[in-house]
Each structure stands twice: as structure tokens, then as C-alpha cells.
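Notes to accompany the following structure.
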Amino acid sequence: MVGETVELRVARGRPLFVEGDGLLGLKPEHLGLSPTLCAALYEWAEVVERIGRGDPRDERALRAAARRGRLLAGRTAAECGRAVRHLDPLTGEPSTVPEPGGQRLVAGSDPRSEALDRTARPTGVAVSVLLAVLIALVLVVVSLGLADVNPLLGVVVNLAVAGGFAPSVWLGRAVPTWRWVAFGVVLGVAASWVILPLSLLG
């Protein structure tokens, strides 16, 4: 359940997140963590396992592994919105990284990309507006030209664009970079359908 504390452990060279009752071990991907963080956790767990098998134990390597584990626990807490407990492989002492205060994050989301998206918003809006104006002008000019030949042809072209091209681009609305292009294309198609009847009336 989101909000409960999970404990980061290493079992047979693999990272596991154990729920509060200690009965169920979850792989990183089961928590919905990003592929980059999952790969880092697996790499860390393998290193911890190798250090643990060493004889004698390398104290310096264990301290480095403990620091890395705390860092990964913090990234996990930030991504999945849960407090994460981490056991120090050197001392066995648990340390808990709390979930981000006052903020519940969706599993798999990356706060850094969200911050970058907020920073890029003014530029993205400008791109959307320019693209919308360009697409609306092209569709209106082409449709009016075709309407001189056959009015039905202009309607068919607009229906083909609106019914085929726009929904495909709209799927990109969830991708931070492409969402502004998607918004611009959809807005441009919609604007052309408003402008065309008005131009025909005039």
C-alpha cells in the first residue's frame, strides 16, 4: 500500500523491497520504479553481495556501498512516495529515508523531469501557438483552393487530417517534449474548422 514503509534488502545479489510485515519481497520493477533506478539497484545489490563474500571484508568498500544504498533508498522514496528503510551492510543498523513531505508522487514519475517541464513551459506554449497558426493557415488555404474546384473535396481533406493525423499526434501529449507539438497540431486543426465556415460566409 502506498505510504507504508518498505525495507531495501539484498538477497542472492538482487535488491528486494520488503513490506512492513516482512512476508513479501518486491522487485524494484514491482514498485513502478524507473528503468534507470532499477538498473542502479540491481548493480548495487550485486556489488554488496560480492563485498559480503569477500574474506577479509573490505571496510572501505562496505562504507561506500552503504552510502550508495542510502542514496538509492532516497531516490526510491522520491519516485514511489513511500518511506524506505535501508540496512547498513557494515553495521546492520537501519536508516529510514522518509517519503517526500507534503507531496505524494506517482510511482515511476521523476521529480527532476517535472521541474524541467515547468521550466520549459513558456517555450512549449510558444511552440504550440506558432504550430497551431501554421497548421490552421495551411489547412484553410488548401481547403479554400480545393473548394473552388469541388467543395466536397475540401471537406474530405479536412476530415482526413482531423480523423487521421490529429489523433495520432495527440497520443504524444504525455511525452514532455512532444506534448507541445501535439497541442499545437490539435489546436491548429480545431482553429481551421472554426475559420473555414467564417471565411465561406464572408
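Less than 5 angstrom separates the built amide H of residue 14 from none of the residues sequence-distant by 5 or more or on a different chain.
Could you tell me the calculated FRET efficiency between residue 178 and residue 49, based on Cβ-Cβ distance and R0 = 30 angstrom, to the nearest 0.05? Walk me through the intermediate numbers first.
Working: r = 40 Å, r/R0 = 1.35.
After rounding to 0.05, the efficiency reads 0.15.
Sticking with the crude label model, points 7 Å out along Cα→Cβ, report the distance from residue 149 to residue 199 in nm, one decimal please. Going from the residue 149 label point to the residue 199 one covers 1.6 nm. Amide hydrogen proximity for residue 96: with H placed 1.01 Å from N in the peptide plane, the residues at 5 or more positions away or on another chain lying under 5 Å are 86.
Annotation: amide H-H contacts under 5 Å for residue 32 (H modelled 1.01 Å from N, sequence separation of 5 or more, or interchain): none. With the simple spin-label model, which puts each label point 7 Å out from Cα in the Cβ direction, the residue 11 to residue 64 separation comes to 2.8 nm.
Bear in mind that the values in this text are calculations on the coordinates, not laboratory data. Because the structure is a prediction, the values reported are computed rather than measured. So basically every Cβ, Gly included, is an ideal-geometry build from the backbone, and we count neighbours across all protein chains shown.
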